[in-house]
Each structure stands twice: as C-alpha cells, then as structure tokens.
Amino acid sequence: MALITLRQLLDHAAENSYGVPAFNINNMEQGLAIMEAAKAVDAPVIIQASRGARNYANDIMLAKMIEALAAIYPDIPLCMHQDHGNNEATCMTAIRHGFTSVMMDGSLEGDAKTPASYEYNVDITERVASMAHWVGASVEGELGVLGSLETGEGEAEDGHGAVGKLDHSQLLTDPDQAVDFVKKTQVDALAIACGTSHGAYKFSRKPDGEILAMSVIEAIHKKLPDTHLVMHGSSSVPQELQDIINEFGGAMPQTFGVPVEEIVRGIKMGVRKVNIDTDCRMAMTGQFRRIAEQNKTEFDPRKFLKPAMDAMRDLCRDRFEAFGTAGHASKIKVIPMDDMAKRYADGSLAPKTN
Ligand SMILES: [Zn+2]
C-alpha cells in the first residue's frame, strides 16, 4: 500500500520543480487507466472524486477501489483526494473512507452554487483544515470563484458551479487576500481562479492573457513562494479528441481548453496540482462512439471499454510526461498519515507566509 497525502506529494513536487495532474474517477476503468499510465512512466498519482462521483459509485465502492488500486500498483504513491468538498461533512466522511486529502471549497456556500463571503470561506476552511490535520490528512482551499472571463459565468459540473453573473474581482484571485487566506486557514494547497472553468466549453478561442490570466498565478506565487498552487478546470480539450467525437456522430461545437504549454508555464510559477477531468471523459467517449459506429453488431461492453481505457491511459501518460511527473514515483518514500498528523501537531508543516 502506498497511499500518500497531497501535502507530502506536493512538497516533493515543489522540491523537484514538477507538477502533478489530478484526474477524476467515477469507475474502475478510469482508475486502471490512470494507474497503468503512472506505472509506465514511474509517476506518482492524484486521483480525485467529486461529490457526484461519490453518489454515482457509492463511497464503499470507491474506498475498496482505491484500496485495490494501491494493492495492484504498490510502487506508485497514490493520493486520494476529495474534489470540491462543499461542507465539513463531505470532507470528514471522505477521510473516514480512506481519502488522504480533501478540498474544502468555501468560495461557494454549502449549496455549491452561491458565491460565499470571504469571512465564510476563511471560517469553514480553517475549521476543516484543523480537523483534517489532526488525522494527518491534507487540505486544499479555494480563493476566488471559477468561471469564464469571457462570459462571467461558472460552468456547473457534477452539481458544482457558481450560478449568476460574476465580476472580474470574483473571477480572479487577489494576491494580497491569498496571503491572508493561507495564513488564517493553514491550507496545504491553494486553488486559485484565473479564468479557467469546468467542462469542455472553457474558451471561445485559443486563450490569451485577456481570458486566461496566468499573470495572476505569477503574482500570487511572488507573494506565496512556498504555497502549492492548484489550477482547476485545466483540461486542454485537444482538437483531435473533439474531432474523433464529431467524426463518429458527435456534435460538439468547436471549443478551446487550457493549452498544455500554459500549464507547463504555470508549473514554473508554483502550480503543483493540475485538475483534469474533461480530457479523460472525451478520450473515453470518443472510443465509445468509434466502436459503436464502426462495429454495429458489437454488444460486449468490454469491446467499448478496453479501447476507451487505452485512450485515457495514453492521455494520462502524455500529461505525466509534459508536467515532469514522470520518473518521480520511485524516489518518494511515503510518510504514513499518523506521522503527518504529528508533524502538523508540532507545527513543522505550518505554511510559510511571513
Ligand atoms: Zn474544480
């Protein structure tokens, strides 16, 4: 078993100047695809589950699946992370089911729709961080609301996303407030808002600095050089995956994601965790469509799922290589959560904020 906390993994990533993709899963096939890719290139792994995934798969199924993946791939450090926890209960039940890390997203209220006040965000994130740290689990917080700088709207995904129009002060994380937030909440990683949004329809054109504000990341990193930054909504929505879906009967309108080279630039500016879900979904769905179109007599789900897994595996391997994650799994000696708990308790893991 090599279950690792997010904090230990991102500390290693920072020391060695790489980033780690965090892939979402809902089912066994996605889990196997990620781990096969990681094994092929010796990369440590972050797997995350949203509340939607937990509802879809059932907590016990997910917990046993993670246990199984850790047993099948004992040499790959595996962090299991709650994506977009909306309250204390979501985060605590995740830890109870074996997650080593949780995101407390207090940028939205408990309904996961209404943008929250700064005070609400600090209060709930600080409370979850102190509880999680007692058992050695890591915490990611979020400051700023995810959404498009083009439309001022958040994209709801898995029941999570801001409703209504947002202004730029909400859509872009304020660097000074970020310092205050990390100091008050003691989070291990900070998700920031810089114009990325969830889903496939992120940008209507290849993004430039107007609509993808990498400068915000740079400014936050200058003020918080020791804080691990997290980019959400960072699928690249590759043209070839759009083309496969559309070639075999799909009707996805032309769209643009976050270019891999921008993410690589972000990693040089303190981004350590890069959330990717849409790309994996598209890689799999393209193969479902292809098989359905090319072999109309086929009825064995495995004949659809195997090529879908292979396509997702290849995509994950590409990201491990591009982000510099490859080659690091075997260099990490996993620290048990109980030892992490002691380090939090004695103050040695407190964030450096000056
Ligand atoms: Zn997200």
Could you list, in sequence order, the residues of the range 289-306 that are crowded, with 17+ Cβ neighbours inside 10 Å and more than 11 Å from Gln30 (Cα to Cα)? Arg289, Arg290, Ile291, Phe304
Kindly indicate whether His198 is over 14 Å from Asn121 (Cα atoms) and away from the ligand (no atom under 13 Å from the Cβ). no
Given the conditions (1) within 24 Å of Asp226 (Cβ to Cβ); (2) open to solvent by 50 Å² or more (accessible area, probe 1.4 Å); (3) assigned to a loop (DSSP other than H, G, I, E, B), which single one is not true for Gly324? (2)
With the condition kept exactly as written, say whether any residue in the range 253-270 is open to solvent by 40 Å² or more (accessible area, probe 1.4 Å), among the hydrophobic types (A, V, I, L, M, F, W, C) and free of Cβ contacts under 8 Å to residues at least 24 places away in the same chain. no
Filter the range 250-273 for residues that are within 23 Å of Asp158 (Cα to Cα) and outside any loop (DSSP other than H, G, I, E, B); which is farthest from the ligand (Cβ to nearest atom)? Phe256
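The values are calculated or read from the model by the stated rules, or taken from the named source; none is laboratory data. Computed from a prediction, not measured in an experiment: that's the story for all the values here. Positions of Cβ are generated from backbone atoms using ideal geometry, with glycine treated the same way; all protein chains shown enter the neighbour counts. Please note that ligands, DNA and RNA were not included when accessible areas were found on the heavy atoms of the full protein model with its side chains. Shrake-Rupley method; radii C 1.70, N 1.55, O 1.52, S 1.80 Å.
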